[in-house]
Structures are given as structure tokens and as C-alpha cells.
Amino acid sequence: MTPKDLDSNMPGPSAQESSQTAVVKLTESISRRGFVGGASAAALTLAFTSPTLAKLPVAAQAASSANFEPNAWISIAPGGQVKLIIHRSEMGQGVRVALPMMLADELGVDIEDVEIEQAVADTKYGNQNTDGSTSIRLNWEPLRKAGAAAREMLTQAAANRMGVPANECTVTSGVVEHGGSGKTVSYADVVADAAALDVPAEPTTLDRASYRYIGKPMPNWDVPDIVAGKADFGIDTRMDGMVFASIERSPTVAGKVKSFDATAAKAVRGVRSVHQLEPNTAFFRMFGGVAVVADSTWAAMKGRKALTIDWDNGGASENSAAHRTQLDGLVEGEGKAFRSEGDFAAAKASAAKVMTAKYHAPYLVHAPMEPLVATAIVTADKAEIWAPTQDPKTAKDRLVQLLGLKPEQVTVNVTLLGGGFGRKSKPDFIFETALIAKELPGTPVKLTWTREDEIRHGYYRSQNAQKIEAALDADNNVTGWRHHTAFTSLVSTFAPAMNEPSGTEVDMGMTNMPYRFPAVQLEKSAIKSDLRIGWLRSVCNTFHAHSINCFVDELAEAAKMDPVAYRLKMLGEPRVVEFGSRDKPHGQDIGRLRHVIEKCAEISKWGKADLPDGVGHGFASHFSFLTYVAMAMKASVEDGKARVHHVDCVMDCGTFVNPDTVRAQIEGAVVFGLSYALYGSITAKDGAVVESNFHNYPVLRIDEMPTVNVHLVENTKPPAGVGEPGVPPVAPALANALYAVTGKRLRDLPLEGQLA
């Protein structure tokens, strides 16, 4: 797909490349020894591979398969057309535009001449998991070096043909020009010549001034097809002979079918068959249930409703009120310390005053606009899947185990995703589809989840309780900080006995708390959950950023200081610190954090804004996914409900590729953050989820959307995360704004219902 070809469909596995094609392969790690070059009559291959594969002779690699299966392909056809196979999933973040922008710049071609093709799941593509805000930051160096190496080889081949030094040549739009003579040679003319050259050991990437595309706005190529209804999402998969499935799942994760009667279901017109599915703890804690297969999704759902099922709930008993009481009790006691500096007990004992606050955040579910869906064809020796998955490689690996097939017998095709937020990196819905299809060999089976399925059978952001204590001296300076967090680890989904928050989870906004205090004590406690716990956009940063930002505002008030000035004071002088694994490899740069805070105060006219009566101004800042964000929010209370009017956001994500999609990501983060801050709450009764649809799990409506002003900090730092870092400051900025209006500290989420 290119800007010239917006109507093209997303193909499945890549076709055999022409023998007259120049090819560059890449994965996400490059070493000097990772460049492997080889030549055939008219082929250029650059492999950025694992150390093991890098040691293989290229001739052997080329001869091992008639298709010459790629790692992740960049190819240049004789006509000059460049093809880039995208090995990350597109769910609205714009990766299918940003990666071509990077390649076009380094290769020296026009963006219009870059065609994209979606990768299938394969070990040759390296890490295909579109999660953790990594698509750009992990591919920034490998992709650019791949493009630079190809550019240097093609330039040398062109220079040789012109009989001039390569260092006197420049490249524009795939044409190599010799500055002294004015001679030109196009890439298309020297593909075969370039293939015979040695691969540069250290290709030189372009400097910032040479970028044509990186850092400049570029429309999302998929949008026209999406608007016109031509884009291929998971639900759009169609094929001859397809049947449709819907599953009635156990209300609880560990539940099983005692017995069921499918007589009424089979009597529904269009229903073909009914199949029982057993729960499977080894495969992402997959639910058990009963599947109805029919000629249409409507018939399958109607047949499902006619089922009579007697359930064994597996001993699940969790109720939300009791679970919260347990959490509150845990944070009142002593937890397991994971960061200790100074002596908090001594600081507390000698304090002139001790301030304490407790915070609570409920379970949350992802609620993407596109519910889960997948299509599968399974036979005794083959399985092919079409799905909106964030992690096709994991899906494939586990399907191999689940179906008892070999890796080469399983193909996972990736469609566009109608939102993901981490939910679609868990492939339980793909496993379900494959198991049903296995019962109907050779028949295409499409399984569609309803909204109720998605909300009641998700992987939830854990319920959480926190307690923060601060010891203050007579001048209200903080001499000690103690922070205790309690929640169920997402590791429990894969190892049910592992309930203690992991180091990675507490590193998200807590271990790396940036403020300077003489004594710091950070603690954690575990609690069992009957629900499946998983990652959700920004994960534990969501509740840790809320508590810390709200409590810092309380400390600022006690010190009779402006909240922004107080943050800057507590941060101290610019320096680089590294407290947790999430800060690696660059650490947390306090100077950059200070800058986004100062810039956000400036553009929001903090302390100087002429606010209407009844409108409060709130502030929050946070560091996550190596990105620095500050947010100022204007809000009021109308008829007992919060109303957000305007949001100013400053983000420093290092070098950004496409500012259009970065701004869109922040705007989307505001929608996502306000949805859970105002309304988001999943509750459990007897181990089962109570909520079922948007009537009792609301998301922000269009008439509630504030205006959003985004300022991106420009610098030459390496790219960092974008999709997730905009979320954590939203809830605390809103809570602090509402305090300015009501004088009431809102420590529990969601906020709705606390303002009457």
C-alpha cells in the first residue's frame, strides 16, 4: 500500500520475490557481525539477524528455500518500487506510515514509492509484539541502518557505472547524481550491480538536517479505506463456505460445564452444531464454555441464548466490597520493601506533622471499539488464522502447542485492529476459534465476541489500594516518604500462585518516583484475584501516577506553595537517575521532566489564566515508557457531574517520526484516561464480572470531549514511547482540577458519583 494505492487490500503471506529484486532484511537488534551480505545474479540481500543466523553462509541461506523466506523485508524492484513488510500490528497508532517514513529517508526514495505489506507471524521477523510503546523505539536503529546500508551500496554501484567517486554523489528520489559532472543513474538501473558489492560494516545514517519525512506530518495511509469501509479489520474476513460461531462462557475463569442441553439451540434456524470447550489454564487461562456454530453470526448468537447450561464455578467467590476491604487492610500494615533510602521510621517519629492519604482504583477492562474476532481453517496438518492480534508470534507459538502441529504448518495473518490497548496481545480468542475449527476440518470458522463477552471475560487492570505517608518538619519540608501499594500481579494469569506485584509492575511509576526526600520507603503487598489480570494501556502507571500526583498537590498546599513550583522544588537539580528496570536504557532525565512541567505551565498559563467562575485548573506530570509528560486540565462541576473543558499537554518522547500520529495518540490518551477516571469500574460478585456493556461500563461520549492542545518537545534524543505515556497524568490532573473547584480531595477512582 502506498499513497498512490490506498484501495489495495492487506495480503497474507508474502509472495515469492522476483529474482530481479534487491532485498534488505532486518530484525530489532544489530551488531557489526549481524550484517551478512551475499549476491546472486541480480539480488542484494542485507540480513540483520540473530547471531546464530548471522554466522550462516548467505549462499546457503539463499539456496535453502526457493521462496527465500525473509526476516522482515525491504525490497527494491527493478522498476524502483520499494516494498516494506510491516512486522508490527496497526491499531490506530500509525506504524504503517511511520516505518515507511523512516525507510524512505534513509534509503533516499520518495515516500510515494514505498509499498507496505503486513507480515505474517514468523520467527524470522523477530519481536512482533505491538505492545509497551515499542514499535518505533525498537526499530529506530535497525530500520534506518538497513536503509542506509542499501543506500550506500546502490550509490557505490551507481558511482562505479558513472566512473566517479561515491563520496561525490548524492541521492534524491532514488536517483544518484554526481555533483561535479551532473551525471545521474537511478537505483532501478543498478540493482544487480549493487548485489555484487560488499555490505558496509558500519553504514552511516543521515543527520537530522537531511530528513525529508521524519519529524514532519504525514497522513495515515489507512484512513481513506477506513472511512470508506474498505479496510480489512478482523470482522471483514470473508471466504466461501464460512460458518460463524458464538460461545457461552463460564461466568468464572475456573468454571466448568456440569451439563448442558442444546436441544433448543439446535432448533434455531441456521444452527449447525454445538461444541463444548474445556477451560485451559496453560493457554492464557482460557475460559471453558459451549460454542454454537451456525450459518450466520446472528443465528449463532440466537442459538447460544437458547442453550441450557449448569455451571460449576470452580470455587470462585470474590466480591468487590470484600476485596477492597482486604486491600485496605494490607496497605495499613507492613508490606515487602523494594526501595529503601534513609530511615523513614526515624523521620516519622521526629516529624512535626505526618500527612496520610489512601487511594483506591478498581478493575478496568479495555473496551476497544472492535470486540474480539478471529477466523480459522484447521485440518489435520495445517492451520491458518486471520485475526486483529497485537502479538501474532505468541499466538502462533501457542497454537503449535495447542493443535499439535509444526511451526511451518501454522500461519497467522494480521488484520487491522479496531483498538487494542493490550487486550489483543492475549490470544485466547484465537485459541477458541482454532479449537472450534479443529472440530470442523477444512471449514472456515469465524468466532465473534459480543461486547458483553469482551467486558465480562477480559483480562483486567488489577484493582489496587495505596497508602502514602509523608513526615514533615516544622517548616512543612518532607523528611520522609512511605508508599505502600497492593494489587494482584498480572503474572497470576500465567502462574496463578504468583499474586505478588512483580518488579516490572512496581517500576511503573512507583520505584522510579522522581522526587527527592531524605528518607524513602516503598512497599508492596499481594492479594489473590478470581479474575484474569492483564496489561491495559499504561498498566500500573495508571494508579501510581494518580496517587503520587494527588498527594504531591496536598503536600504543596501544606507548604503553602503553588503545585507546579512545589514539583520543581521536590525534583531538585537536573540529573539522570535510574531506579527501576523501566528506566533502562537511558535512565530518567530530571532535566527533561522539569522542562515539560515548565513548558506545560507556560502554554496553559498556569497561575495566570483568567478562569471563569466554577472552573478549576489541575496539574499532573509523569514519566513512563522513557517519555516525559505534563498535563494541565480545566474542569468544572455541572449538576453534580465533572465537565472537562480543556487539556494542555506537553510531551517529550525524544525524536518523533510523525507528529500527526503522536498528537492523535495523546488525544486518544485523553479519551481513554477520562473514560476510566470518570466512569471506569469493573466489579465482581461471586467471582464473576457484573458489568456487561457501555450502559454500566461507560466510555467518554463525543459531547464530553474537551479541546486538547498538544506541544511536542523537539530534540535529538532516541525515540521513546508514545501510545501509553499520555494516559497516566489524565486522572490526577482532573482530580486536582476538581479539588480547585470543590475543595474536596478525590482519592478514589472513578470520580463520578463523588461530586454530588
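Every read-out reported here was derived from the displayed coordinates using simple, explicitly stated rules and does not represent laboratory data. Bear in mind the structure is a predicted one, so any value in this text is a computation, not a measurement. Positions of Cβ are generated from backbone atoms using ideal geometry, with glycine treated the same way; all protein chains shown enter the neighbour counts.
Modelled label positions at residue 312 and residue 281, each set 7 Å beyond Cα in the direction of Cβ, lie 1.4 nm from each other. Extending 7 Å from the Cα toward the beta-carbon at both residue 686 and residue 298 defines two label points whose distance is 3.4 nm. Which stretch or stretches of the stretch 125-139 have amide N atoms under 19 Å from the point lying 7 Å from residue 578's Cα along the Cα→Cβ direction? Within reach of a label on residue 578, which here means backbone N under 19 Å from a point 7 Å along Cα→Cβ, the stretch 125-139 contributes 137-138.
For the pair the stretch 418-432 and the stretch 235-266, the centres of their Cα atoms are 18 angstrom apart. What is the log10 of I(q)/I(0) for the stretch 703-756, computed with the Debye formula using one identical point scatterer on each Cα and no solvent, at q = 0.18, 0.23, 0.24 Å⁻¹? Log10 of I(q)/I(0), two decimals: -0.79, -1.03, -1.08. Centroid-to-centroid, using Cα positions, the stretch 86-163 and the stretch 669-724 are 31 Å apart.
Between residue 439 and residue 259, the distance separating the two model label sites (each 7 Å from Cα on the Cα→Cβ line) works out to 1.9 nm.
In a simple Cβ point-charge model (Lys, Arg +1; Asp, Glu -1; nothing else charged), the stretch 125-188 has a dipole of about 60 debye relative to its Cα centre. Compared with the alpha-carbon gap, the fully stretched path from residue 602 to residue 695 is longer by 29.6 nm at 0.36 nm per residue.
Partners of residue 396 within straight-line reach, counting aspartates and glutamates whose Cα lies under 13 Å from its Cα and excluding those fewer than 8 residues away in the same chain: 122, 384, 408, 428. Relative to the current alpha-carbon distance between residue 380 and residue 357, full extension at 0.36 nm per residue lengthens the span by 2.3 nm.
Just name one of 595, 413, 546: the one whose Cα is farthest towards the positive end of the charge dipole of the chain (beta-carbon charges, Lys/Arg +1, Asp/Glu -1). Of the options given, the answer is 546.
The stretch 504-529 and the stretch 174-218 have Cα centres lying 49 Å from one another. From helices alone, the chain scores -7500 deg cm²/dmol at 222 nm; the rule is -39500 (n - 2.57) for each run of n ≥ 4 DSSP H residues, then divide by the residue total. Each of 658, 108, 682 was placed along the dipole of the chain (beta-carbon charges, centred on the mean Cα), and the one lying farthest toward the positive end is 682.
Extension gain for residue 223 to residue 207 (0.36 nm times residue separation, less C-alpha to C-alpha distance): 2.7 nm. Candidates 519, 203, 431 compared by Cα position along the dipole of the chain: farthest toward the positive end lies 519, with charges placed on Cβ.
With the highest mean first, a sort of the peptides 246-253, 348-355 on other beta-carbon atoms found within 10 angstrom per residue produces 246-253, 348-355. This model, with +1 at the C-beta of Lys and Arg and -1 at the C-beta of Asp and Glu, gives the chain a dipole about its Cα centre of some 1000 debye. Given R0 = 22 Å, the distance between the Cβ atoms of residue 240 and residue 266 translates into a calculated FRET efficiency of 0.35. Within the straight-line cut-off of under 23 Å between alpha carbons, the lysines reachable from residue 634 are 560, 599, 605, 608, 744, sequence neighbours fewer than 8 places apart in one chain being disregarded. Taking a Cβ cut-off of under 11 Å around residue 563, the surrounding Lys, Arg, Asp and Glu residues balance to a net charge of -2, with basic ones at +1 and acidic ones at -1. Straight-distance candidates among the lysines for linking to residue 528, with alpha-carbon spacing under 18 Å and chain neighbours fewer than 8 residues away dropped: 336, 685.
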